[in-house]
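Chemist: My structure is below; once you've seen it, I'll send some questions.
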Amino acid sequence: MIDLRSDTVTRPGSEMREAARDAEVGDDVYGEDPTVNELEHRAAEVVGKEAAMYVPTGTMGNQAAVRTHTERGQEVLLEYESHVYKWEVGGLAQLSSVQPRTVDGGERGVITPEAIEDGYVAEDVHRPGTGLLCLENTHNSKGGSAIAPEKIDAAAETARELGFPTHVDGARLMNATVSLDVPPERLVREVDSVMFCLSKGLGAPVGSMLAGPEEFVERARRHRKLLGGGMRQAGIIAAPGLRALSNRERLAEDHENARRLAAGLDGIDGISARDPETNIVLIDTEMPATDFLESAAEVDVLGVPFDDHLVRLCTHLDVSRKDVEAAIDRLETALA
Ligand SMILES: *Cc1c(COP(=O)(O)O)cnc(C)c1O
């Protein structure tokens, strides 16, 4: 089986399993798990923020960030296909009682200063006021586009001038840094908080990080507890997460594999592949996406439908160059 559904399907190897087995642990709700503390310290360093907090999922990291940054009723500006808006079960409304105002970020999901100024709502007796800007990097629904630091800076500076903070959903931030060849701290220098996943391309079995100023992270800890994310001997899962932090450089291989996959598939009748910027390949299919995926599954290749005629394929740690070549051959045969 060549599983290209997501970069979350990776299985931890023996190093991660040994790290989990041997982890020093304590009660993390009391702040006494040395492995979690080390992971939080290292993660904060990696993204150049004062502090970081370990969360079980990226969704919880994003939602805790929104809750911490905003007050009830405020508006949150974000892209209409962003994960925080589209794929988190309406958490904005359910968990923070905030109102989304969506922006069209175009083909690559970039929110411009003009769009922020247009979408901004000043608080007065009638209007709730804008409380937060959320950006996404890489942008999942737009095919893993890696947004350049200048674009992030410009958006965050506009938000700051208008008086509200910026959060980056960086589930795949490390893919962006590798693709753009800039260090992670540079990519999030001007933003207030960032979430990134250990459980995607970095290959950890579970976990994400929410980073920002010390004072912000301290308040976010209460919201993590509220959301049910106050974990006890979490060092067992944080230890593989620490290992995952050193898988950043090898993401370049996933990107190379994605380019090869797109180039190979684009030549096949009935498929047109978009040029990938990172590890996500979007392909437009002549037949309905669900039919295409059924044929693909018959030859042991898996992907996910993204729209009626759009399929997402993801490369990751458990997909080799040989697998990519095999996937191209098998799909070509299946569609012949
Ligand atoms: C996967 C993902 C998340 C959420 O991560 P989970 O750990 O699955 O909750 C958030 N944002 C983006 C862009 C993602 O791709």
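Read-outs: derived from the displayed coordinates by stated rules, not from any lab. None of the values given here were measured: they were computed from a predicted structure. With ideal geometry, Cβ positions are generated from the backbone for all residues, glycine too; neighbour counts draw on all protein chains shown.
Chemist: How much net charge surrounds Ala51 when only the other residues with a Cβ under 15 Å from the Cβ of Ala51 are counted, with Lys and Arg +1 and Asp and Glu -1? Numbers along the way, then the final one.
Modeler: Numbers: positive: Arg42, Lys49, Arg219, Arg221, Arg222, Arg224; negative: Asp28, Glu38, Glu40, Glu45, Glu50, Glu185, Asp192, Glu214, Glu215, Glu218.
Its environment carries a net charge of -4.
Chemist: A further question follows. Please identify every one of the trypsin sites (Lys or Arg not before Pro) in the range 107-192 that sits in a loop by DSSP and has no more than 15 other beta carbons within 10 Å of its own beta carbon.
Modeler: Working: sites: Arg108, Lys142, Lys151, Arg160, Arg172, Arg186, Arg189; in loops: Lys142, Arg172, Arg189.
In loop regions of the range 107-192 (DSSP not H, G, I, E or B), there are no sparsely surrounded trypsin sites (Lys or Arg not before Pro).
Chemist: In sequence order, what are the phi-derived ³J(HN,Hα) couplings for the range 167-183 according to the Karplus relation 6.51 cos²θ - 1.76 cosθ + 1.60 with θ = phi - 60°, rounded to whole Hz, with x for glycine and proline?
Modeler: Rounded to whole hertz, the list is 10, 10, 7, x, 2, 10, 4, 5, 5, 5, 5, 5, 5, 8, 6, 10, x.
Chemist: Of all DSSP beta bridges located in the chain, what percent are antiparallel, nearest 5?
Modeler: The answer is about 55 percent antiparallel.
Chemist: Can I ask one more? What does the C-alpha gyration tensor say about the overall shape of the chain? Classify as rounded when a/c is under 1.5, otherwise prolate if a/b is larger than b/c, or oblate. Mind showing how you got there, number by number?
Modeler: Details: a/c = 1.98, a/b = 1.25, b/c = 1.59.
Verdict is oblate for the chain.
Chemist: So for Met16, Met209, fewest C-beta neighbours within 10 Å to most, what's the order?
Modeler: Met16, Met209
Chemist: For the chain, with a Gaussian network of springs between Cα atoms less than 10 Å apart, report the residue from Gly73, Gly201, Gly109 with the top mean-square fluctuation.
Modeler: Of Gly73, Gly201, Gly109, the Gaussian network model singles out Gly73 as fluctuating most.
Chemist: Sticking with this one: Could you work out how much longer the chain between Glu18 and Ser272 gets when fully extended? Use 0.36 nm per residue separation minus the Cα distance between them, nm to one decimal.
Modeler: On the way: separation 254, 0.36 × 254 = 91.44 nm, distance 4.26 nm.
Working it through step by step, the gained length comes to 87.2 nm.
Chemist: For labels at Val9 and Glu185 in the simple 7 Å Cα→Cβ model, what's the distance in nm?
Modeler: 3.7
Chemist: Compute for the range 1-123: radius of gyration divided by Kirkwood radius, i.e. Rg/Rh, restricted to C-alpha atoms, rounded to two decimals.
Modeler: On the Cα set of the range 1-123, Rg over Rh gives 1.05.
Chemist: Moving to a separate point now. Quick one: Debye curve from the C-alpha atoms of the range 224-311, no solvent, what's log10 I(q)/I(0) at q = 0.21, 0.25 Å⁻¹?
Modeler: Values, matching the q order: -0.94, -1.18.
Chemist: Right, another one. In deg cm²/dmol and to the nearest 500, what is the mean residue ellipticity at 222 nm of the chain if only DSSP H runs of at least 4 residues count, each as -39500 (n - 2.57), divided by the residue total?
Modeler: Calculated at 222 nm, the ellipticity per residue is -12500 deg cm²/dmol.
Chemist: Taking R0 as 22 Å, what FRET efficiency do you get between Asp104 and Glu157 from their Cβ-Cβ distance, rounded to the nearest 0.05?
Modeler: With R0 = 22 Å, the Cβ-Cβ based efficiency is 0.60.
Chemist: Taking K and R as +1 and D and E as -1, what net charge do the other residues with C-beta under 13 Å from the C-beta of Gly119 add up to? Intermediate results must be reported in sequence, preceding the final value.
Modeler: On the way: positive: Arg101, Arg127; negative: Glu75, Glu79, Asp104, Glu114, Glu117, Asp118.
Local net charge: -4.
Chemist: Further, regarding this structure: Which of the GluC sites (Glu not before Pro) found in the range 281-331 are loop residues per DSSP with 14 or fewer other Cβ atoms within 10 Å of their Cβ?
Modeler: Passing both the DSSP loop test and the Cβ count: Glu286.
Chemist: Could you pull out every one of the lysines with an alpha carbon less than 19 Å from that of Lys151, ignoring same-chain neighbours closer than 8 positions?
Modeler: Lys142
Chemist: Within straight cross-link reach of Lys200, meaning Cα distance under 16 Å, which aspartates and glutamates are found once same-chain residues fewer than 8 apart are removed?
Modeler: Reachable aspartates and glutamates: Asp3, Asp7, Glu136, Asp169, Glu249, Glu253, Asp254, Asp318.
Chemist: Here's something else I'd like to know. Do you know the relative contact order of the chain, to the nearest whole percent, from alpha carbon pairs under 8 angstrom that are 6+ apart?
Modeler: Reported as a whole number, the value is 24 percent.
Chemist: Compute and list, largest first, the equivalent-ellipsoid semi-axes of the range 1-70 from the alpha carbon gyration tensor, each √(5λ) rounded to a whole angstrom.
Modeler: 24, 21, 12
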